[in-house]
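A.B. asks: Dropping the structure in here first, questions after.
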Amino acid sequence: MNNAQLERLFDAAFDAAHESDEDHLIVDHQASWKQVQRRLNARRRRKSMRSALSKLAIVAASLTLGALLFGNDRVVKAIQPIYATIKEYPSGLVNLIFGRTDETDSSTAKTSPPPAHLEGLQVQKINESTLAATVTEAQAVNLLSFRPPTFDYVPANLSFNNALLYFKDDRNKSDYAIFRFASDQAEKLTIVMQRVDPNVGLSAKNSLDGVSARSLQLSGGPAILLTASDKSSTLETIRNDIHFSISGPFPGETLIRVYDGLKW
């Protein structure tokens, strides 16, 4: 017997009990029965919800177990919550990282992660002993083995683009940096800085076709200016045990002005 049939029999029993002589007390049972019905309906709804939730839990557990048994981790990843964290790297870069715990396992990575001092940077492997990292001016200050200068003068319309630092033999400080400036007109100024041994000198010969070399005496010491037939120039000099090479499509006087504007 189902619930609907039971309710109809219950209603019939109440109606039969109500049919009596006029001398008997007449009681309206409909209000009481409606209250009982509301309670029964509420109880059935709670029972139905508990049953549905139990079934959902069973389905989720079955999906997870099936994914683990048969090697399909899509469902597991969909159920697992993601995390978000803020990480500050030694280079000074701050990143907001989203992921899952299993994705932080470096043992499954296809390539070796960069060393700790280069985490969060754009790094490329040059050869077995050399890495190159693209950084900002502020990051370069922390990653160079020498104090880089500031640039009080660069040609008009040029602004700092990026710096490329080279790291050899797993060292956490770079001895070689290329600072690059660019403009909207595709003009580029390149300043190479490399730490050298003390007492290293410069020399140049007019051995290349279309290139002339001449010696200069600048405020920081002797220098060599190379000028090509296309009017591009390169200024070479050593200052504070750092070899500077400043080059671009500019006359020599412009490069000398850039050098004179270097400040420590």
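The values are calculated or read from the model by the stated rules, or taken from the named source; none is laboratory data. As the structure is a computational prediction, the values presented were derived from the model and not from experiment. FYI the Cβ positions are ideal-geometry reconstructions off the backbone, even for glycines, and counts take in every protein chain you see. Accessible surface is based on the protein model in full, side chains and every heavy atom, while ligands, DNA and RNA are left aside. Shrake-Rupley method; radii C 1.70, N 1.55, O 1.52, S 1.80 Å.
A.B. asks: If a residue must be open to solvent by less than 70 Å² (accessible area, probe 1.4 Å), not in a strand (DSSP E or B) and not β-branched (Val, Ile, Thr), how many such residues does segment 144-196 contain?
C.D. replies: Qualifying residue count, segment 144-196: 10.
A.B. asks: Could you please give the count of residues in segment 197-214 that are outside any strand (DSSP E or B) and surrounded by 16 or more Cβ atoms within 10 Å (Cβ to Cβ)? Spell out the reasoning first.
C.D. replies: Looking only at segment 197-214, we keep the residues that are outside any strand (DSSP E or B), and these are 197-210.
Then drop every residue that is not surrounded by 16 or more Cβ atoms within 10 Å (Cβ to Cβ), which leaves 204.
Residues that pass the stated criteria total 1.
Conditions (1) at pLDDT 90 or above; (2) open to solvent by 50 Å² or more (accessible area, probe 1.4 Å), marked per residue:
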site	(1), (2)
Leu216	yes, no
Ile224	yes, no
Thr227	yes, no
Asp230	no, yes
Glu236	yes, no
Pro249	yes, yes
Gly252	yes, no
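A.B. asks: Could you please let me know if Arg195 is within 18 Å of Ile178 (Cα to Cα), of a type in the set (Lys, Arg) and in contact with a Gly (Cβ under 7 Å, 6 or more places away or on another chain)? Spell out how you get there, then give the answer.
C.D. replies: On the way: within 18 Å of Ile178 (Cα to Cα): yes; of a type in the set (Lys, Arg): yes; in contact with a Gly (Cβ under 7 Å, 6 or more places away or on another chain): no.
No.
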